[in-house]
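The values are calculated or read from the model by the stated rules, or taken from the named source; none is laboratory data. This one's a predicted model, so the numbers in the text were calculated from it and none came from an experiment. FYI the Cβ positions are ideal-geometry reconstructions off the backbone, even for glycines, and counts take in every protein chain you see. Just the protein is used for accessible areas: all its heavy atoms, side chains included, with ligands, DNA and RNA removed. Shrake-Rupley method; radii C 1.70, N 1.55, O 1.52, S 1.80 Å.
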Amino acid sequence: MPDISGPEDSTSPSETDTPEAGETAPDNAQAVVDEDGPVNESDALLLLASGGQDAEERAEAERAASIADLIAARLREQTSGLSIRNLTVFNDSVSFSGGLAVGGARSRGGGKGAEGAGGGLVPIAEDVQDAHVENFVPPSRYLEILESLGERYLVVLAVAPGSGREATAVNLLAEALALHATDAPPGGCHRITDPAAVTGHGWSPPHKNAGYLLLLEDTAGEAARTLDLNWLTATGSALKEVRSFMVVVTGMPQGALARAADESSYVCVELGDVDLVAVVESHVLGPAPEAPAETRLRRALADSGAVDALHEQPRPEVAVRIAMALRAGRDLAAEVGRVRDPSEQVHQWFLRHEDPVDTCFALAAAVHEETGYLTVADAALKLHTAVAGTAPGAGTIRFAERLVHEQPWLTVAPPKGSTDAASQVRFRSPLLKQAVLSYAWTRLDGYRAPLIDWLRVSLWRDPDPEVRAKAAVAAGILAWNDPEHALHRFLRAWAGSKSVPIRQGAATALAVVAQRAELTAWVWEMLEQWVSTGGTAMDRRLAKTAATAVRGLLGRQDPRRALAMLAAALDWRDDWGNLAPVAWSAVHLIDNGQEREVLDAFLTWSAPQDVSPMVSKTLSAFLFTALQPYAGDDTPGPSAGRQPRLLSRARELQPELEELWARALARKPVQDRALEALRVWIDQYASRDRSAFESLRLLVRGIALRPGKHRQRLEYWLARWAADPARPSPAAARLLHTVRELP
């Protein structure tokens, strides 16, 4: 072998037992390294060769970064009318009692009337009834329900508030009485004011040819619990005898009423869809609008965002609110902005829903939005257990049966464009999930501790990388409200955890926190403090988390600052413990388009070209990045078979790559790893791809033309690989020909 040693070499190439390309580190590589103590060079390289973490954990980190990207993008894209200006302060808001009437508060009666008769009755005033009927837009199941009322004389509307249920009930009574009129004097329509008297057995309607409206807001109360099939049958028969009709309005059927809903047709659990734009038109323009006026109104609704508001909150009460603003001459866009304000929506929802079952599902949906229903339901059940302290009995919680009534802001449907995929849970408005998390964190004081424990367990134990990633993103959103509190409450503890998934979760959460402009500097300063050298095990873990945090959003937004921080993390004198997180962050920055910035940093860090630890660490990190397949721009997934991004862009980056390869090939101990990496480029990529081969040929040619022993070294190793009896390399032979043809 010719003498190819020189001033740039610490040793000449030798026939040492370096691993061949394709060989892997031992399965217990992670176990033999104590990450909590100073790590020497050999252990660090072993850890790096094993990947530093398994494939599932890397996929989870990548997925977390992509989710954080989506959240940040949505925040930037929202109009000012939808922005959550201060998630901890909620505006005063207007509540509606659920009907479709126009005008002020509904009259609850016209004097004493028949108070005390038959359970307490108050006639529904004529003007109130007219208001309900005049502008009524029937839901899609209205005729079906009306037919059932005509047959059975009794119908229970067990539907959610805000659905137009009261207006529907009044219209059903008025129309049933008109359709089934007799020669006897009409008895009018009455509101029942003493539900307990009516729901008891043996009640008899006091009037013939009359309509009765019974409102049972408390679905778990004593009166509601008596609505069983026997009561429904007996009351229906009593009404039939006097040719009268009753509509009971209540919420989600529970207990005996739920069983009755399955066993009879007395109970209606949904009204069907309502054309909400038609509701607005009816209230603003009347029942028969002229075409030009209708066109102008629809254009105004679209331009102001009112149509979007109706899509996000598909309830007649919202349409009535918009119509009232138009009739009063108020600024439509401003009113729509108030309607769509996620803070107001969330505030109103939490005022109406105090059951932990509903709260836990809403929080689970906020954390795991756009995942399958079963994933969200399982997460909600775990949170409910954390909140309640004990697991519920089997079958006692049925989230799906409550969704329509208790979670109107959610949709459960397959992803757009798919008909056979599992249904996913989504909020109708893109900012609702952030407002839900913020409200729970700042207003539901008893939920903070179980919420954090629940997120931590998800980060640590959940087998689904997407669940773990979204838990990390949710933690970042929670920290927006009070970052200092979050830092001391959970962020620092997670960042210093012995668990790699929990540290990754902390890194993602911090990247999300930094997406709030007023918190960006705070996050950077804290991360930079964490990578300053320290002697404790906690310091070392914090530094690894900081190095991990800049691989995604933060690194893309300020790559130079991110690389300066990675340099500080890498330069821990003789401690090599930060090599793996720094190298992986460099890979992600390269895949995200910061190739030139990363290579420039590698050149600067290794500029002394001596045997100092920083130079060896830098060149080891470079070789690691050179071997990683490009992750691509799609949803993170398997990248096997893809070329490394540095190879695919080798012609554009040739000066930087040429210098770094030359430095890595020039001296031990990096030289052995550089030779191994070069052969991977030759045999796995250049031998199969003509473009990759040409890029590598130009790179090898440039290295060989450099002063010193580079040409001799390349000739020696290319010749050896070309003639390898166990694994001959035709591509190496072709590259050897290129080198030998040089002048």
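No other residue among Gly236, Gly255, Gly286 is open to solvent by 30 Å² or more (accessible area, probe 1.4 Å) and more than 33 Å from the chain's Cα centre (by Cα) apart from Gly255. Counting just the residues of segment 289-316 that are aliphatic (A, V, I, L, M) and surrounded by fewer than 14 Cβ atoms within 10 Å (Cβ to Cβ), which one comes out nearest to the chain's Cα centre (by Cα)? My answer is Ala302. Taken over segment 175-211, the residue count meeting the criterion of being in contact with a Leu (Cβ under 9 Å, 6 or more places away or on another chain), modelled with pLDDT under 90 and open to solvent by less than 40 Å² (accessible area, probe 1.4 Å) is 5. Scanning segment 574-615 for residues that are assigned to a helix (DSSP H, G or I), among the hydroxyl-bearing types (Ser, Thr, Tyr) and in contact (Cβ under 8 Å) with a residue 40 or more places away in the chain gives no hits.
When Ala365, Ala377, Ala386, Ala391 are checked against the criterion of being of a type in the set (Gly, Ala, Ser), open to solvent by 20 Å² or more (accessible area, probe 1.4 Å) and either in contact with a Pro (Cβ under 8 Å, 6 or more places away or on another chain) or closer than 21 Å to Pro415 by Cα (or both), Ala386 stands alone in meeting it.
Of all residues in segment 317-337, which are surrounded by fewer than 17 Cβ atoms within 10 Å (Cβ to Cβ) and assigned to a helix (DSSP H, G or I)? Steps first, answer last, please.
We begin by selecting, within segment 317-337, every residue surrounded by fewer than 17 Cβ atoms within 10 Å (Cβ to Cβ); these are 327-331, 333-334.
Once the filter is applied, which keeps residues that are surrounded by fewer than 17 Cβ atoms within 10 Å (Cβ to Cβ) and assigned to a helix (DSSP H, G or I), segment 317-337 yields Arg327, Ala333, Ala334.
Selection of segment 398-421 for residues being among the aliphatic types (A, V, I, L, M) and either open to solvent by less than 40 Å² (accessible area, probe 1.4 Å) or touching a Pro at 6+ places or on another chain (Cβ under 7 Å) (or both) yields Leu403, Leu410, Ala413, Ala421.
Can you give me the number of residues within segment 407-424 that are outside any loop (DSSP other than H, G, I, E, B) and within 20 Å of Glu270 (Cα to Cα)? Full working, then the answer.
Pass one, segment 407-424, residues outside any loop (DSSP other than H, G, I, E, B): 410-413, 424.
Next cut, within 20 Å of Glu270 (Cα to Cα) only: 410-413.
Residues meeting the conditions: 4.
Here are Pro289, Pro314: which of them is part of a loop (DSSP other than H, G, I, E, B) and over 21 Å from Arg165 (Cα atoms)? If you could, list the steps in order and put the result at the bottom.
Numbers: Pro314 fails: over 21 Å from Arg165 (Cα atoms).
Answer to the check: Pro289.
Annotation: of all residues in segment 512-537 being of a type in the set (Val, Ile, Thr) and over 18 Å from Arg560 (Cα atoms), the one that is surrounded by the most Cβ atoms within 10 Å (Cβ to Cβ) is Val512.
Being at pLDDT 90 or above and of a type outside the set (Val, Ile, Thr) is the requirement here; does Arg298 meet it? Working first, answer last.
On the way: at pLDDT 90 or above: yes; of a type outside the set (Val, Ile, Thr): yes.
Against the criterion (at pLDDT 90 or above and of a type outside the set (Val, Ile, Thr)), Arg298 qualifies.
For segment 322-338, the criterion of being over 25 Å from Ala278 (Cα atoms) and either touching a Phe, Trp or Tyr at 6+ places or on another chain (Cβ under 7 Å) or not small (Gly, Ala, Ser) (or both) is met by no residue. Look at (1) within 20 Å of Pro613 (Cβ to Cβ); (2) in contact (Cβ under 8 Å) with a residue 40 or more places away in the chain and you find that Asp539 fails only one, number (2). Within segment 434-469, the residues that satisfy the criterion of being surrounded by fewer than 23 Cβ atoms within 10 Å (Cβ to Cβ), free of Cβ contacts under 8 Å to residues at least 60 places away in the same chain and part of a helix (DSSP H, G or I) are Asp445, Gly446, Arg448, Ala449, Ile452, Arg456, Trp460, Arg461. Beta carbons closer than 7 Å, at least 6 apart along the sequence or on distinct chains, pair a first residue in segment 257-277 that is on the phi > 0 side of the Ramachandran plot with a second that is open to solvent by 30 Å² or more (accessible area, probe 1.4 Å) for Gly272/Ser140; Gly272/Arg141.
Look at segment 649-678: where a residue is among the small types (Gly, Ala, Ser) and a partner is open to solvent by 40 Å² or more (accessible area, probe 1.4 Å), sitting 6+ places away or on another chain with Cβ atoms under 6 Å, you get Ala662/Arg706; Ala677/Leu627.
Examine segment 157-174 for a residue that is modelled with pLDDT of 90 or more and over 25 Å from Val137 (Cβ atoms), and state whether such a residue exists. Taking every residue of segment 157-174 in turn, none turns out to be modelled with pLDDT of 90 or more and over 25 Å from Val137 (Cβ atoms). Restricting attention to segment 616-634, the residues that are touching a residue at least 24 places away in the same chain (Cβ under 8 Å) and not in a loop (DSSP other than H, G, I, E, B) add up to 12.
Residue count for segment 538-558 satisfying the condition of being basic (Lys, Arg), closer than 19 Å to Val500 by Cβ and assigned to a helix (DSSP H, G or I): 3. Of the candidates Gly577, Gly593, Gly555, the single residue that is more than 25 Å from Gly535 (Cα to Cα), touching a Leu at 6+ places or on another chain (Cβ under 9 Å) and modelled with pLDDT under 95 is Gly555.
The numbered conditions (1) open to solvent by less than 20 Å² (accessible area, probe 1.4 Å); (2) closer than 20 Å to Asp273 by Cα are all true for Cys360 except (2). As a summary of the residue check, Pro501 satisfies the conditions (1) over 16 Å from Asp453 (Cβ atoms); (2) touching an Asp or Glu at 6+ places or on another chain (Cβ under 7 Å) except for the one numbered (1).
Going through Pro501, Pro483 one at a time, which residue ends up being in contact with a Phe, Trp or Tyr (Cβ under 9 Å, 6 or more places away or on another chain) and over 24 Å from Val587 (Cβ atoms)? Steps first, answer last, please.
Values: Pro501 fails: over 24 Å from Val587 (Cβ atoms).
Residue meeting the stated conditions: Pro483.
Residues that are among the hydrophobic types (A, V, I, L, M, F, W, C) and open to solvent by 40 Å² or more (accessible area, probe 1.4 Å) do not occur anywhere in segment 578-592. If Arg561 satisfies all but one of (1) over 29 Å from the mean Cα position of the chain (by Cα); (2) surrounded by fewer than 17 Cβ atoms within 10 Å (Cβ to Cβ); (3) in a helix (DSSP H, G or I), what's the number of the condition it fails? With respect to (1) over 29 Å from the mean Cα position of the chain (by Cα); (2) surrounded by fewer than 17 Cβ atoms within 10 Å (Cβ to Cβ); (3) in a helix (DSSP H, G or I), Arg561 is out only on (1).
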